[in-house]
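The structure appears below as structure tokens.
The values are calculated or read from the model by the stated rules, or taken from the named source; none is laboratory data. It should be emphasised that the depicted structure is a prediction, and the values quoted were computed from it without experimental measurement. Glycine also receives a Cβ, built like all others from the backbone with ideal geometry; neighbour counts cover every protein chain displayed. Only protein heavy atoms, including side chains, enter the accessible area calculation; ligands, DNA and RNA are left aside. Shrake-Rupley method; radii C 1.70, N 1.55, O 1.52, S 1.80 Å.
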Amino acid sequence: MSPAPYDAIVLGAGAAGLMCAAVAGQRGRRILLVDHADEAGRKIVISGGGRCNFTNLHTAPDRYLSANPHFAKSALGRYTASDFVALVERHGIAWHEKTLGQLFCDGSARQIVAMLLGECEVGRVERAFGTPVGEVGHDGTAFTLTLGRRTVAAPQLVIATGGPSIPKLGASGFAYDIARRFGLKVVEPRPALVPLTLGGDEALFRTLSGVAAEVVASAGKARFREAALFTHRGLSGPAILQVSSYWRAREPIAIDFLPDATPDWLVAAKRASPRTTARRALAATLPDRLAEALADRLALTGDLANTPDRRLDEAARRLSGWPFTPNGSEGFAKAEVTAGGISTADLSSQTLEARRVPGLHAIGEAVDVTGWLGGYNFQWAWASGWAAAQAL
């Protein structure tokens, strides 16, 4: 076999792979960008409700989960949110900031895909889309890939095929298969940024499907103040998606339904309006259906005047840390990203290259680095792709 004249093969045309291929190509490297799908950036297209939450102004390493919490610092520090915003603006893509530093396209997420493909064209990146990837190996001098009936080779290979979240888009654990093939460890993958399900007695809360409220949700030491949404299966909404990344099976999460209330707020409400009920007091802040359900679960049905202060204080404490024990999550099918992945212990934080396999790199969601909700995972994709491209 005569190897094709490539300096590197980038396997996966998602956010990280597109970024890596474009940057490396513009550095003069001969790049082949491979994807089994017919089109690039499928997850980009559906993200942010079709408008792509492409980065977050508050990006910082402490907003990422990893077995090595320091691993992401190098890449994130060298390619920042401002760097990506500059690229977006250079392409004339209008954008806006929503809450909490989240940046979205004014128009379509397809603009981001078109931008990245345009950058690949500038870098003369060759594409091989819509072809199944067969055997991945190493012949002693180069990495080899079987693409349909042909075999291609290059001295460097970048794993950018993501994780198994959203399998309907073709996502799989292929990255982990390749990593294990070359002796790299894999941290157990699990769904992240995913709705949680409730069972047993807590299933009664399913009657609140469609009700949302601003809360503080917590799992362990992680706390997020955003909206929580009750669904027909359990809990969702930004606050729940955030804590889901920290949640472990059979452990509880807690919800503070009244994060701005003082500890004695119910007793104070009793003093101010003795004839009001707990339901009416809760409905001053919470949706009516939620206020009614919480009052019923607390067995506070009469006037506050007829309820001892001690019981009201106990109810206030419960409302400030209401425990739920999910019986699971909605899995990879509904997870926005995958936590876990190729172990950072086996990679250089500078180049994303495997320590014991020269020329093999892993970037983006395939790696054990998972960001918060709100554009953080895209920023990791851009930063890790850029960092690897500097080493190709």
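Before moving on, here are some points about what is shown:
- Heavy-atom accessible area with a 1.4 Å probe sorts 185, 221, largest first, into 221, 185.
- Of all accessible heavy-atom area on the chain, the percent that carbon and sulfur account for (1.4 Å): 51
- Spin-label model, residue 206 to residue 82: label points 7 Å out along the Cα-to-beta-carbon direction sit 5.0 nm apart.
- Extended-chain gain in nm, criterion 0.36 nm per residue less alpha-carbon gap, residue 150 and residue 314: 52.1 nm
- Label-point separation in nm, residue 275 to residue 180, each point 7 Å along Cα→Cβ: 7.0
- Structure-based [θ]222 nm, the chain - -39500 (n - 2.57) summed over DSSP H runs of at least 4, per residue, nearest 500: -8500 deg cm²/dmol
- With all protein chains modelled, accessible area of residue 180 [1.4 Å, Å²]: 130
- Pairs exceeding a 30 Å alpha-carbon distance, out of 98/221; 43/185; 43/98; 98/185; 73/168: 98/185; 73/168.
- Label-point separation in nm, residue 327 to residue 305, each point 7 Å along Cα→Cβ: 4.4
- Solvent-free Debye scattering, log10 I(q)/I(0), computed from the Cα coordinates of the range 225-300 at q = 0.12, 0.13, 0.16, 0.22 Å⁻¹: -0.42, -0.49, -0.71, -1.10
- Accessible surface calculations at 1.4 Å, restricted to protein heavy atoms, place the chain at 43 Å² per residue.
- Scaling the Cα radius of gyration of the range 249-362 by the globular reference 2.2 N^0.38 Å produces a ratio of 1.78.
- Oblate is the label for the range 70-126. Its Cα gyration tensor axes, ordered a ≥ b ≥ c, give a/c of at least 1.5 and b/c at or above a/b.
- Rolling a 1.4 Å probe across all protein chains gives residue 223 an accessible area of roughly 150 Å².
- The average projected area of the chain, computed from the convex hull of its Cα atoms over all directions, is 20.1 nm².
- Probe 1.4 Å - accessible area at residue 172, Å² to nearest ten: 50
- Calculated P(r) of the range 122-243 - Cα pairs past 19 Å, %: 65
- Computed over the chain: relative contact order in percent, which uses C-alpha pairs under 8 Å that are six or more apart: 25
- Along principal axes, Cα extents of the range 143-206, largest first, whole Å: 57, 25, 15
- Among 381, 316, 153, the largest mean-square fluctuation in a Gaussian network model of the chain (Cα springs under 10 Å) belongs to 316.
- Using the alpha-carbon positions of the range 311-376, Rg (one decimal) and Dmax (whole number) come out as 19.8, 65 Å.
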